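J.: Right, I'll just put the structure down here and ask away after.
Nothing in this text is a laboratory measurement; each read-out follows from the coordinates by a stated rule. Note that the structure is predicted; figures quoted are calculated from it, not measured. Using ideal geometry, Cβ is built from the backbone for each residue, glycine included, and neighbour counts are taken over all protein chains shown.
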C-alpha cells in the first residue's frame, strides 16, 4: 500500500486541528495602524493567532466507498463597512470576520504536499475564499500554507503573499 493510501497512518500523522506558529508577508505592512510596518502577520492581523486549519482524514464507510480527505482553512477577513475605501482613511475602524472554507484534497505520493481540489464556481470569490497557492508538510508534522491576500493598510490596499506555519494541537 502506498503511503498516501494508508488511512490509519495518515490519521495518526495528520488528522487534527493546527494553530499558527508564525506568519510572514512578502512585504512589511502596517495593518494594525500602530505606525510600524512589519512582515509579522501574527502582530499585524489581531485575529490571526485565533485562526486554525483542520486536516480531516476519514476511512471508507457505508456512505463513502473511498477514504476522504478534507482541508479546512479559517482566515480573518478584513471588514471595513459597507463601502470599501479606495485609499487609507484613519477614521475607518477595522474589524475582522472569520471566513471558513473547506477543500477536498489528496496527498502527493511523498506526503509532502496537500493537493487541494478546485472550488466550485460559487466559491471562487477571491476576496472571500482565497485558495492557498500551496499547502506543504514541513518537519515535526507542521503544515505551511502560502496564499496571496489583498489587505487594507495605512498605505491603502496592498496585495502580498503570506506564508503561515501551523502546528497541530488536537488529533
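J.: Calculated from DSSP H runs of 4 or more alone, at -39500 (n - 2.57) each and per residue, what is the 222 nm mean residue ellipticity of the chain, nearest 500?
T.: The helix-only estimate for the chain comes to -1500 deg cm²/dmol at 222 nm.
J.: Between residue 43 and residue 89, what FRET efficiency follows from the Cβ-Cβ distance if R0 is 22 Å, with the result rounded to 0.05?
T.: Values: r = 22 Å, r/R0 = 1.00.
After rounding, the FRET efficiency stands at 0.50.
J.: Additional query: When the chain is fully extended, how far beyond the present Cα-Cα distance does residue 6 get from residue 97, taking 0.36 nm per residue of separation?
T.: 29.1 nm
J.: Extension gain residue 133-residue 30, at 0.36 nm per residue separation less the Cα-Cα distance, in nm?
T.: 34.7 nm
J.: To the nearest 0.05, what FRET efficiency results for residue 80 and residue 119 with a Förster distance of 25 Å applied to their C-beta separation?
T.: 0.55
J.: Moving on to the next point. Roughly what would the spin-label model give for residue 110 and residue 154, points 7 Å off Cα along C-beta, in nm?
T.: Taking the simple label geometry, residue 110 and residue 154 are separated by 4.2 nm.
J.: If I stretch the segment between residue 165 and residue 146 completely, what's the gain in nm (0.36 nm per residue apart, minus their alpha carbon distance), one decimal?
T.: Fully extending the segment from residue 165 to residue 146 adds 6.0 nm.
J.: Let me ask something else about it. Averaging sequence separations of C-alpha pairs under 8 Å and six or more residues apart, then dividing by the length of the chain, give the relative contact order as a whole percent.
T.: 26 percent
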